[in-house]
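Notes follow the structure.
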2 protein chains.
Amino acid sequence: MIKHSKQRDAIIERLSDRTDHPTAETLYQELKEELPNISMGTVYRNLNQLASLNKILIVRSPFGPDRYDPIPNQHPHFFCTNCFAVLDLDVDKNRLLATGQEGFKGEIQDCISSYYGLCPDCLEKLKLKH
Amino acid sequence: MIKHSKQRDAIIERLSDRTDHPTAETLYQELKEELPNISMGTVYRNLNQLASLNKILIVRSPFGPDRYDPIPNQHPHFFCTNCFAVLDLDVDKNRLLATGQEGFKGEIQDCISSYYGLCPDCLEKLKLKH
DNA sequence: ACTAATAATAGTAACGATTACTATTATTAT
DNA sequence: ATAATAATAGTAATCGTTACTATTATTAGT
């Protein structure tokens, strides 16, 4: 049975409506400003709880600690190898699933797709250098 | 400048021709039988070196420690949520890349695709239960 | 072959990210 | 109000992995 807590409210509030996929550490540093005594354990405990309730998504980064996404359904992400930004990719996941399922005898339930390269900003900056 | 070592030879030999994607720990336990003094550091150091020379692939598992793959090019893997087997998926990666690139303004260089669900064996066993 | 230079090693310590523990505090149902 | 119990802060512990250090093994040049 879940009880209300202002820490959890603050965590949800901090994470919602952002697209930068912060780390637990980033959230913790920001949350300390409004709740000076909040602890890392509380941040992790609530993020894990929210994830298991399918309210947020834990995004495992190939380049560092986990990121957190307010969009709860599993979707592809793009990791910039230059500035380390994490972006949501608007990709038809059913096509990715269908591609994976082709010729595979098991049952594919889902996929985690991590694309990487240069994000639009870094690509643009690189082009301007020429 | 790289110098020869029997430990590295043994690691390469152990990993080659297998498809079970062992962990560093698994390799270490097996290697100890022929080289009782080999250390975890040596296993990791060589696996990392081989990976940076593109001779093997490090496979980050969503469900536990890293796995190692003698096939060095980045390719999709399937993770069984029932028996935790890791399988190579024979998927046309160019299609996955193309799907990801659609409508994305940045430059996609590669992707790590992790599918999961029931492997052929576990699916078959489940079917027999009915 | 001998020697010098240095890569690789075993063993151990340290690390970063995350989880677990514990006594206390806050929320909720009655 | 009270009792039951989630949730907390603070801290310790864990896991997988990397870094350090003194020693050993391999190689290049004589």
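No value in this document is a laboratory result; all are computed from the given coordinates. No experiment lies behind these values; they were computed from the predicted model shown. Using ideal geometry, Cβ is built from the backbone for each residue, glycine included, and neighbour counts are taken over all protein chains shown.
What to note about this one:
- Distance from region A:50-104 to region B:28-97 (C-alpha centre basis), Å: 21 Å
- In region A:7-121, the inverse of the mean reciprocal separation of distinct Cα atoms equals 15.5 Å; this is its Kirkwood hydrodynamic radius.
- Cα convex hull, region A:81-130: 105 Å³ per residue, rounded to a whole number.
- Inter-probe distance in nm under a simple model that places probes 7 Å from Cα toward Cβ, at B:Cys83 and B:Leu126: 1.3 nm
- For region B:11-34, the residues whose amide N sits under 11 Å from a probe point set 7 Å from the Cα of B:Leu53 along the beta carbon direction are B:12.
- Convex hull of alpha carbon positions in region A:1-72: directionally averaged projected area 4.8 nm².
- Per-residue Karplus couplings for region A:44-56, computed as 6.51 cos²θ - 1.76 cosθ + 1.60 with θ equal to phi - 60°, are listed in order as 5, 4, 6, 4, 5, 4, 4, 5, 6, 8, 6, 9, 9 Hz, Gly and Pro entered as x.
- Each other copy places its own label point for A:Leu126 at 4.1 nm from this one, sorted shortest first, where the point lies 7 Å along the Cα-to-beta carbon line.
- Evaluating 6.51 cos²θ - 1.76 cosθ + 1.60 at θ = phi - 60° for every residue in region A:110-119, the Karplus couplings come out as 6, 9, 10, 10, 10, 9, 8, x, 9, 6 Hz, glycine and proline recorded as x.
- In plain terms, the C-alpha convex hull of the protein assembly as shown casts an average shadow of 20.0 nm² when viewed from every direction.
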